[in-house]
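S.K.: The structure follows.
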């Protein structure tokens, strides 16, 4: 075989191997992508009583809803954030048991690991490089993506009532889901974001669900 033919054959072999190596790198990159946990805006729903004492007027106290533990650190963090928003609306915040209105705060938080949305990677590559019998074969049948990230799901609910009559004047719920590694999984940051979203455009349209980024 002439030197030129040997050079061309070697070039074809080297190029094929390089192409397959690049393809393998791309496949491995896709395999390492893994499962992405859901992250999105705060979903908010509000309900407003058609008749009753005026909202955002007078005094109000932030208190735990039935079943809530008032001395829980997480509850206090979210209650303080709700109190700040009520003050911005024009309420005069009072100590629990006082005020013409009462804001009952309920908090639910859970951490879980979502199921993977796709199965393990399975890749098969086979072929021959050039016409002189050199061959490349590859098989991958294992999952390189690792476990999906934990997710923190939070729901904040507030009911504003007239203290004297016990009538519900306004109810709002905010829900937010982030990965456990997100800064917003922190109670301080999450409470501020969710409370701001919950009272955005207060009192809102009754029965409408909005998404606040």
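Only the coordinates and a few stated rules stand behind these numbers; no lab work does. Quantities reported herein were computed from a predicted structural model and do not represent experimental measurements. Backbone-built Cβ (ideal geometry, glycine too); neighbour counts: all protein chains shown.
S.K.: Being in a strand (DSSP E or B) and crowded, with 19+ Cβ neighbours inside 10 Å is the filter here, so list the residues in the range 176-213 that pass it.
M.R.: 176, 177, 178
S.K.: Which one of these is under 12 Å from residue 44 (Cα atoms) and either out of contact with any strand residue (DSSP E or B) (no Cβ under 8 Å at 6 or more places or on another chain) or in contact (Cβ under 8 Å) with a residue 60 or more places away in the chain (or both): 197, 149, 192, 180?
M.R.: Among 197, 149, 192, 180, only 197 is under 12 Å from residue 44 (Cα atoms) and either out of contact with any strand residue (DSSP E or B) (no Cβ under 8 Å at 6 or more places or on another chain) or in contact (Cβ under 8 Å) with a residue 60 or more places away in the chain (or both).
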